[in-house]
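*Asks:* Submitted below is the structure of interest, expressed as structure tokens.
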Amino acid sequence: MRFTQLLVPTLKDDPADAEVVSHKLLVRAAMIRQVARGIYDYLPLGLRVLRNVERIVRAELDAAGCQEILMPAVCPAELWQESGRWERYGKELLRIQDRNDRDFCFGPTHEEVVTDIVRKTVRSYRDLPKNLYQIQTKFRDEIRPRFGLMRGREFLMKDGYSFHADRADCEREYRHMYETYERIFDRCGLRFRAVEADTGAIGGSMSHEFQVLADSGEDAIVACTSCSYAANVEKAELPPDAGRAHAQQAQSRALERVATPGQRTIEEVSGFLGMSPDRFIKTLVFATDDGGAIVALVRGDHQISEAKLKIALGAQWVALADAETVHRTTGASVGFAGPVGLEARIVADHALNGIRGAVTGANREDEHLVGVEHGRDFGKGVTFADLRQANAGDPCPRCGKGTFEEHRGIEVGQVFYLGTKYSKPLGATFLDAGGQEHPIEMGTYGIGVSRTVAAAVEQNHDKDGIIWPLALSPFPVEVVPTSVTDEPVREAAEKLYGDLRAQGVEALIDDRDERPGVKFKDADLIGFSLRLTVGQKGLAKGVVELRERREKTNHELSVADAAAHVTKIVRESGRIA
RNA sequence: CGGGGCGUGGCGCAGCCUGGUAGCGCGCCUGCUUUGGGAGCAGGAUGUCGGAGGUUCAAAUCCUCUCGCCCCGACCA
């Protein structure tokens, strides 16, 4: 491809509406343009990157025995009503009507549709297992889309679904997909971690998220320093005795009521009383799906995990209660709740078991209690559970040797054991060898293709621009003649370009009549993995320069060898067969 | 949905408070010079100042409404 034929409107300034680096760079490097909030155009270079991710995903899935299909983007309401999600999904589901006022939605995911396919076609255990996937534009009407491609409303996703006669086979496929995902993100050239994840409303099932490691990631994950255990902080298990010693290290003291006018948050009361937050009992009132209010306790310096709370309660959903409920439950306004004397269902995090000399709200306006002791002052009817988010330094629950270190991640994939959540309501069943009818066991597997592009940039950039992994680079190599008016230089560059293409290498030649500096700056901004510079000085010595974007150092190659050398690098990256 | 901010040439911004014929940088076009890290000089083009209404002799500027975009919040007591 010739630069002069390509639409590459690079920008010198950051766009005013971009916040995160991937958004800024993808716009500046002429990959994407915003059309509406959370909705983007892909310009030629951006599309090439997107296609590269797609190609890897397809290749690995096809090799893993999956079959590609394409389902409609616009789905009839009836299917969603059958599964119950038409009512439950909320405003994220973009609902539309056709000319006859029939309801449809723009698919945010396709469990219903794919299950419909299978229930209409699969009859017997002999038809199982099956693994179907598609790569398709999805739409989720996010409350607050942001960060460019990281959290768009419209996005490209690979969604896959597998169907099995029994749970064991489904679990086998789950592991198979897990391994396939590892290969996919490896081939993309990304540093990532597969972590155990919250399973949401399914409950008690398996799920792993694939997180691209980047400091700017929205998700917090922990990984054991000694074994392979890694999990989202929301989900990471903690041993029951973690923090026990800490709870009991304070001296027992008399319970005392203190005035704390207007001091509501842990931080405020901590400063006001001069006591550190880890001596506080944070008392949170939640509403749950069974209609009642429940009270959750975690240590002042800990964060509650709603995912864990949900599991501990066996609830479908939990949410912090509103001010009115808090008042009704505790007798005081938000900020003064505590477990002492509280008539409510209370669950407490293990770290509070046996705590002494603690601080908590007094359930009275502008008052806290000091010297609170578990067992003496509260504890009747209190159940203990693992409720808090994990932190760096917490002990690993698996190997017992290591501790957690914390990373930030961008979720680019998730594998999920679904069971019969959709097959049951939608009536997707099969007959076993004995003629018995059973609901089909399902797994679901997603990859955010467009988000993977953004994650790659978040993880791989410097002050000059993007540093694409070779597998994703819009072109693996760019040939840059320092001048197109200098005939020998132009001819040598064209020869090199032609030789590369003849070898099957996707090459771009910057044939613009621009000064070298302009071309170099654009090359760095766009982030081509390899750059071959052809200039007068080099040609005089019979060499051209190979520069790896990541290294920023030049290697001289003889004019005769350059094409073969670069072809070898590109071939080893898997970009050409 | 609540709070805040911003819409001025392709991009980034100033001008608005205190109304008086719309400006800067980059980019773009022409010419000459230049040619290994976003060149120099000279000349030039480009704006319904987001939209609608209002106030006024006069509105980018003041008022009302509206649309769009961005940020924060809408879970940590």
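Each reported figure results from applying straightforward, stated rules to the coordinates on display, with no laboratory input. Computed from a prediction, not measured in an experiment: that's the story for all the values here. Heads up, the Cβs are rebuilt from the backbone with ideal geometry, glycines too, and the neighbour counts pull from every protein chain shown.
*Asks:* Cα centroids of segment A:60-84 and segment A:94-149: how far apart, whole angstrom?
*Replies:* With segment A:60-84 and segment A:94-149 each reduced to a Cα centre, they are spaced 5 Å.
*Asks:* If you don't mind, another one. To the nearest µm²/s, what D does Stokes-Einstein give for segment A:1-137 at 25 °C and 0.890 mPa s, using the Kirkwood radius over alpha carbon pairs as Rh?
*Replies:* Rounded to a whole number, D works out at 133 µm²/s.
*Asks:* In degrees, nearest 10, range 0 to 90: what is the angle between the Cα axis of helix A:562-572 and the longest Cα principal axis of chain A?
*Replies:* Taking the Cα atoms of chain A, the angle to A:562-572 is about 30 degrees.
*Asks:* Using just the helices of chain A, give the 222 nm mean residue ellipticity in deg cm²/dmol: DSSP H runs with n ≥ 4 each add -39,500 (n - 2.57), and the total is spread over all residues, rounded to 500.
*Replies:* Details: 16 runs with 159 residues, N = 577.
One gets -8000 deg cm²/dmol as the mean residue ellipticity at 222 nm.
*Asks:* Roughly how tilted is helix A:44-63, in degrees to the nearest 10 and between 0 and 90, from the longest Cα axis of chain A?
*Replies:* The two axes meet at around 70 degrees.
*Asks:* Is the shape of segment A:135-287 best called rounded, prolate or oblate, per the rule: a/c under 1.5 gives rounded, else a/b larger than b/c gives prolate, else oblate, with a ≥ b ≥ c the square roots of the Cα gyration tensor eigenvalues?
*Replies:* Cα axes put segment A:135-287 in the prolate bin.
*Asks:* Below 8 Å, C-alpha to C-alpha, sequence gap of six or more: please give me the relative contact order for segment A:412-512 in percent.
*Replies:* Taking the mean separation of contacting Cα pairs over the length of segment A:412-512, I get 20 percent.
*Asks:* Looking at the calculated P(r) for segment A:272-396, what percent of the C-alpha pair distances fall above 24 Å?
*Replies:* Considering segment A:272-396, 21 percent of its Cα-Cα pairs are separated by more than 24 Å.
*Asks:* Let me ask something else about it. When each pair of different Cα atoms in segment A:281-342 is counted once in the 1/r mean, what is the Kirkwood radius in angstroms, to one decimal? Each step should come with its number before you reach the end.
*Replies:* Values: mean 1/r = 0.0843 Å⁻¹.
Result for segment A:281-342, one decimal place: 11.9 Å.
*Asks:* Show which lysines lie in cross-link reach of A:Lys519 when reach means a straight Cα distance below 26 angstrom and same-chain residues fewer than eight apart are skipped.
*Replies:* A:Lys12, A:Lys24, A:Lys463, A:Lys495, A:Lys537, A:Lys541, A:Lys552, A:Lys568
*Asks:* A further question on this structure: Expressed as an acute angle from 0 to 90° and rounded to the nearest 10, what is the orientation of the C-alpha long axis of helix A:516-526 relative to the principal long axis of chain A?
*Replies:* The angle comes out near 40 degrees.
*Asks:* Placing +1 on the Cβ of each Lys and Arg and -1 on the Cβ of each Asp and Glu in chain A, which of A:Ile56, A:Leu508, A:Leu213 has its Cα farthest towards the positive end of the resulting dipole?
*Replies:* A:Leu508
*Asks:* Using the Cα atoms as the points, what is the convex hull volume per residue of segment A:113-205 in Å³?
*Replies:* 152 Å³
*Asks:* Can you classify segment A:380-525 as rounded, prolate or oblate using the Cα gyration tensor, where a ≥ b ≥ c are the square roots of its eigenvalues, rounded means a/c under 1.5, and otherwise it's prolate if a/b beats b/c and oblate if not?
*Replies:* Oblate.
*Asks:* Let me ask you something else. For segment A:439-532, take every pair of Cα atoms, bin their distances at 10 Å starting from 0, and report each bin as a whole percent.
*Replies:* 15, 36, 26, 12, 6, 3, 1, 0
*Asks:* All other residues with a Cβ under 9 Å from the Cβ of A:Ala194 taken together, and with Lys, Arg as +1 and Asp, Glu as -1, what is their net charge? Display every interim value, and only then the final one.
*Replies:* Values: positive: A:Arg193; negative: A:Glu182, A:Glu196, A:Glu209.
Once all neighbours under 9 Å are counted, the net charge is -2.
*Asks:* Taking Cα pairs under 8 Å and at least six residues apart, what relative contact order does segment A:220-276 come out at, in percent?
*Replies:* Once normalised by length, the contact order is 16 percent.
*Asks:* About its Cα centre, what dipole magnitude does segment A:335-490 give when the only charges are +1 on Lys and Arg Cβ and -1 on Asp and Glu Cβ, stated in debye to the nearest 20?
*Replies:* Dipole of segment A:335-490, to the nearest 20 debye: 520 debye.
*Asks:* Considering only A:Ala577, A:Pro44, A:Ala296, whose Cα is most displaced toward the positive end of the charge dipole of chain A, charges sitting on Cβ of Lys, Arg (+1) and Asp, Glu (-1)?
*Replies:* The Cα lying farthest towards the positive end belongs to A:Ala577.
*Asks:* Another question, if that's okay. Output the direction-averaged projected area (hull surface divided by four) of the convex hull of the alpha-carbon atoms of segment A:380-461, in nm².
*Replies:* 12.1 nm²
*Asks:* Moving on. With the convex hull built on the Cα atoms of chain A, state its orientation-averaged projected area in nm².
*Replies:* On the way: hull surface 131.7 nm².
For chain A, the mean projected area of the Cα convex hull comes to 32.9 nm².
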